[in-house]
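The values are calculated or read from the model by the stated rules, or taken from the named source; none is laboratory data. Note that the structure is predicted; figures quoted are calculated from it, not measured. Here the Cβ positions follow ideal geometry from the backbone for every residue, glycine too, while neighbour counts run over all protein chains shown.
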Amino acid sequence: MSLRGARLGWLIFLVLLHATVIFPGFFAPYDPSEQDRKNPYLPPMRIHFLDAQGHFHARPFVYPLQLRQGSFDQSEGNTAKPVSLKFFVRGTRYQLLGIIPFRLHLFGTEDERVYLLGSDSFGRDQLSRFFYGGQVSLFAGLLGAGITLLLGLCVGAIAGYYGGWTDALLMRFSELFLALPWLYLLFALRAFLPLSVGPLQAFFLIVAVIGAVGWARPARLVRGVVLSAKERDFVRAARGFGATDAYLLCRHILPETSSVLLTQATILVPQFVLAEMTLSFLGLGVPEPVPSWGNLLASLQQYSVLVTYWWMYLPALLIVPFFVGYLGLGSELQERREPYKIERTSLGNFA
Amino acid sequence: MKTVTAIRYHRQIASRLLLAVATLLAHVVAAFPQQKSSNEEFLAVPGENGHPGGRLVVSLRAEPKTLNPLIAADAPSREVIGAMQADLVHINRATQLTEPSLAKSWKISPDGLQYTLVLRKGVKFSDGQPMDADDVLFTFRVYLDEKVHAPQRDLLIFDGKPITVRKVDAFTVVFQLPKPYGVAERMFDGWAILPRHLLEKPYEEGKIVQLGTLTTPANQWPGLGPFRLKEYVAGQRLVLERNPYYWKTDAKGTRLPYLEELIFLFVPSADAQVLRFQSGETDVISRLGAENFSVLSRQQRDYTMVDAGPGLEYNFLFFNLNDPGAKTSAELQQKQKWFREVKFRQAVSAAVDREAIVLLVYQGRGSGLWGLVTPGNRRWGDQKLPHPPRSLERARTLLKEAGFSWSTGPNGDPALLDSSGKPVEFSIITSSSNADRAKMAALIQDDLKQLGMRVQVVPLEFRSLLDRVTQSKDYDACVLGVASFDADPNSDINVWLSSGGTHLWNPSQTHPATDWEAEIDHLIDEQMYARTFEQRKKLYDRAQELLWEYQPMIFLASPDILTGARNSVGNFRPAVLEPYVLWNVEQLYIKSGTVNTTR
């Protein structure tokens, strides 16, 4: 595969993954906060094609699980009553893209609820919560990265273009930011803001907090590019013809930074998704019952959950493809930028 | 053959005789300490006969703040002090009845105003100094002193008049009450008798409340309890050692306590306590959550987990019913219009799924609540109190009657509107450190969503939550729990009385805000001074019914007391009253032949 092909491949992979969280209502079989109080902590139900007699069924089915009477950690399957999965069914109401009322789901069942990823302590479907949770976590990451890059671009461009004491001041300040442990910075910022807020405010709050933390690195990179770009002949020529600073920056210099920014974006998004997860994991993020990937994993803080309900770990595994996608795209982009000097930046500095 | 049998027979007799003599000897030896000082009146307690030695390790959630019973208010301090101090009359935590302690007997005058207590002779403090009536007099003088600010002081004041204590002779004291008191001798439980010989001087100098810090030298803080201070390592542990002068014996006459040492480890998190217990670092565990209890039950090897049954903790939801003063925001005043509506509160109560709370929060190890008195309280529950199952229908009818209506929200869900067309939205605050209550709040949130109420759950740090409820009064609703320390209704008196500080929905009122609160005040006051149990019960039942009718507190559920102990711990009999596992600490012992696990 050519370089271009690989890039396209990663891009398509990511777009597909994002589709699941942009349209969670379609992919999730149930409402993420709907409680099934008779069925707390049910393990994932396995999808079968072969029944007990060994007959093949084209339509996949599951054997519904139930908690054993009086037990909270043992369940038994009902092999007498298989429940088959139907595709493109009408189910619970949801809003497509937050506005269009819709009822179509990718899959569902007729009566019995199925839990392909298990259920949590309230009997909520973990799979549905994963898709809806991704909406919060991924968008927090994407928006946060947007803010950070914008901040970084502004600071970096000003520092690089004007140089002198402005440059020194901004860069020393950014060094201060880099030297601070980011996790504590995150906590400190969060501590300044109100603890109890509605889900939507909480979301934007987190985005703002995350976005404000990571700007120093892209700013330094942008500054480097701007420094070299402003000495290019065509820039000097334009200046000679009397171009203003703003025109030079927008027309000639900043376009040079695009590849750096793109590469940075692919690194920052997963980092910031992780940041959101950390905050939510510690109860500082989006409040329950709104799911986010961090909220999904938060129950693992309890020892009893950790040793009893293994499927509570599964969301952590499902997140991996998203990260791989971003990192893959990132390294491809980096190769394009510097085809002779392949250097792979890892998550190491942040995570 | 015959001779052989005969010989064998004789031998048997001989060995039996020998055994009898040996047993007799053992008895004599055991009785010896009693005979040596016949003026010591020991209290023999029933139970398994153990043997001396060994040590018991217990974990505490936090370091105790003090060892001084005059100022102790936190649970860890009370737990430690319980093992170091003794009271005049004690409530047996298992039977929930009173039994002699430092007072070997007592008499109540026919008018119920005079209690004559006869003290046990020959009792010594853990530094070897004798205890007599003067110590009792001194103790109550200190507790009653306003300058000392003992948290229990209010319990000794009746209608603004304090109890008076008089000495008859060195071992007889008379307590004179201004009014008859229904609780009777139960009121003497929990008043640690202080050593006058050591504390009189600091008391006169006004320094008594500064004493009893954890860094007190071991011999400077004697008590009458089974253990005395040995060593304190900041941030790690507190070690108590056997009080050699303790005044209880077992049935055989062996002086208690059996244990040589009682060690409290400071283990801050519940999960860490479970891990310590599992690995054998601690010997007993209590205050367990249901989930951790089932983890431990599943893996039990050398320990046994015991569900002691429903306790006295009651969890409830309440709304802010404080007077709309100048401080109250317009938004809250608007919401209070709903909260003040009795039918609104009844509807919320009808919509709450208590069964689900017991199942999901306590894994079935608890019971739903419809009143303040939990099933763990053997004598005081009102049997006539209804226990209606959850009914959304009834809730909707009640809301309709109160003028509420519904509209369809953007999502197709119903939204509840009040009579002026405002959507019903409020927040429930809960303590962020209590996962159980946070879960209850989440369940209530979902229950009320089905009525069309939009509820938000806001976890707050416990301090700031209490501050909001009792000081700034800036909240909508709150989920909280209270654990009564005794089964008697008077232990919850501050919840009942409208003037009480823990009358949570509207604390410390100067004048009862509603008629029913006035009636409850009256009933509770009356039962306090009623003479017989039947009279008190009748009055108390009526108060419970009023609470149910007006629902200022919407009761949710009560957890079982879940405990566990290593199999090597003898006499382990957990109770549902605090301290759940250490109430009979003087009788606990380490069984011989069992290796006291590695540490």
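Descriptive notes on the structure:
- Qualifying residues in the range A:98-131 (those that are of a type in the set (Gly, Ala, Ser), away from every other protein chain (no Cβ under 14 Å) and outside any loop (DSSP other than H, G, I, E, B)) - the one nearest to A:Phe203 (Cα to Cα): A:Ser128
- Whichever residue in the range B:425-441 is within 11 Å of chain A (Cβ to nearest Cβ) and in contact with a strand residue (DSSP E or B) (Cβ under 6 Å, 6 or more places away or on another chain) and, among such residues, is farthest from B:Cys478 (Cα to Cα): B:Glu425
- Condition met for A:Gln95 (within 14 Å of chain B (Cβ to nearest Cβ), more than 20 Å from A:Val21 (Cα to Cα) and not hydrophobic (A, V, I, L, M, F, W, C)): no
- Looking across the range A:201-230, not a single residue is over 16 Å from A:Gly144 (Cβ atoms) and within 14 Å of chain B (Cβ to nearest Cβ).
- Candidates B:Gly160, B:Gly128, B:Gly112, B:Gly182, filtered to the one that is surrounded by 20 or more Cβ atoms within 10 Å (Cβ to Cβ) and more than 17 Å from B:Ile81 (Cβ to Cβ): B:Gly182
- Residue check for B:Val233: surrounded by fewer than 16 Cβ atoms within 10 Å (Cβ to Cβ) and farther than 19 Å from B:Val581 by Cα: yes
- Of all the criteria given as (1) in a helix (DSSP H, G or I); (2) out of contact with any Ser or Thr (no Cβ under 8 Å at 6 or more places or on another chain); (3) without any contact (Cβ under 8 Å) to a residue 40 or more places away in the chain, the one not satisfied by A:Thr79 is (1).
Quick grid of which residues meet (1) free of Cβ contacts under 8 Å to residues at least 60 places away in the same chain; (2) not polar (S, T, N, Q):
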| position | (1), (2) |
| --- | --- |
| B:Tyr181 | no, yes |
| B:Glu185 | no, yes |
| B:Phe188 | no, yes |
| B:Ile193 | no, yes |
| B:Leu199 | no, yes |
| B:Gly206 | yes, yes |
| B:Val209 | no, yes |
| B:Thr216 | no, no |
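- Residue among B:Gly82, B:Gly47 that is under 29 Å from B:Ser105 (Cα atoms), modelled with pLDDT under 90 and among the small types (Gly, Ala, Ser): B:Gly47
- Cβ pairs under 6 Å, 6+ apart, first in the range A:23-35 and among the aliphatic types (A, V, I, L, M), second not in a loop (DSSP other than H, G, I, E, B): A:Ala28/A:Ser128; A:Ala28/A:Phe131
- Number of residues in the range B:442-452 that are touching a residue at least 60 places away in the same chain (Cβ under 8 Å) and more than 8 Å from chain A (Cβ to nearest Cβ): the value is 5.
- Residues in the range B:275-311 that are part of a strand (DSSP E or B) and closer than 18 Å to B:Gln363 by Cα: B:Met305, B:Val306, B:Asp307, B:Ala308, B:Gly309, B:Pro310.
- From the options A:Gly134, A:Gly156, A:Gly141, A:Gly146, residue that is part of a helix (DSSP H, G or I), in contact with a helix residue (DSSP H, G or I) (Cβ under 6 Å, 6 or more places away or on another chain) and closer than 25 Å to A:Ile253 by Cα: A:Gly156
- Which numbered condition B:Glu355 fails, given (1) within 11 Å of chain A (Cβ to nearest Cβ); (2) in contact with an Asp or Glu (Cβ under 6 Å, 6 or more places away or on another chain): (2)
- Failed item in (1) of a type outside the set (Phe, Trp, Tyr); (2) exposed (fewer than 14 other Cβ atoms within 10 Å of the Cβ); (3) closer than 24 Å to B:Gly364 by Cβ, with A:Gly77 passing the rest: (2)
- The residue that is nearest to the chain's Cα centre (by Cα), among those in the range B:142-153 that are assigned to a helix (DSSP H, G or I) and in contact (Cβ under 8 Å) with a residue 40 or more places away in the chain, is B:Tyr143.
- Filter pass, A:Phe107 being of a type in the set (A, V, I, L, M, F, W, C), closer than 30 Å to A:Leu67 by Cβ and surrounded by fewer than 24 Cβ atoms within 10 Å (Cβ to Cβ): yes
- Residue match in the range A:16-36 (condition: within 14 Å of chain B (Cβ to nearest Cβ), of a type in the set (S, T, N, Q) and either in a strand (DSSP E or B) or in contact with a Ser or Thr (Cβ under 8 Å, 6 or more places away or on another chain) (or both)): no
- Qualifying residue in the range B:151-173 (condition: among the hydrophobic types (A, V, I, L, M, F, W, C), touching a strand residue (DSSP E or B) at 6+ places or on another chain (Cβ under 9 Å) and over 21 Å from B:Gln114 (Cα atoms)): no
- Selection count where residues are more than 10 Å from chain A (Cβ to nearest Cβ), modelled with pLDDT of 90 or more and surrounded by fewer than 22 Cβ atoms within 10 Å (Cβ to Cβ), scope the range B:268-285: 4
- Of all residues in the range B:143-155 being of a type in the set (A, V, I, L, M, F, W, C) and surrounded by fewer than 19 Cβ atoms within 10 Å (Cβ to Cβ), the one that is nearest to B:Asp189 (Cα to Cα): B:Leu155
- First in the range B:311-324 and without any contact (Cβ under 8 Å) to a residue 40 or more places away in the chain, second anywhere and surrounded by fewer than 24 Cβ atoms within 10 Å (Cβ to Cβ), Cβ under 8 Å, 6 or more apart: B:Pro324/B:Leu332; B:Pro324/B:Gln333; B:Pro324/B:Gln336
- If you check B:Glu534, B:Glu526, B:Glu517 for being surrounded by fewer than 16 Cβ atoms within 10 Å (Cβ to Cβ), part of a helix (DSSP H, G or I) and either among the charged types (D, E, K, R) or in contact with a helix residue (DSSP H, G or I) (Cβ under 8 Å, 6 or more places away or on another chain) (or both), only one passes: B:Glu534.
- Residue match in the range B:516-536 (condition: touching a Pro at 6+ places or on another chain (Cβ under 7 Å), among the hydrophobic types (A, V, I, L, M, F, W, C) and more than 30 Å from B:Trp338 (Cβ to Cβ)): no
- Checking each residue in the range A:249-289 for being free of Cβ contacts under 8 Å to residues at least 60 places away in the same chain and at negative phi picks out A:Cys250, A:Arg251, A:His252, A:Pro255, A:Glu256, A:Ser258, A:Phe281, A:Leu282, A:Glu288.
- Residue in the range B:457-478 that is surrounded by 16 or more Cβ atoms within 10 Å (Cβ to Cβ), over 35 Å from the mean Cα position of the chain (by Cα) and either at pLDDT below 90 or within 14 Å of another protein chain (Cβ to nearest Cβ) (or both) present: no
- Leading residue by the ranking (surrounded by the fewest Cβ atoms within 10 Å (Cβ to Cβ)) among those in the range B:76-94 that are among the β-branched types (Val, Ile, Thr) and within 14 Å of the chain's Cα centre (by Cα): B:Ile81
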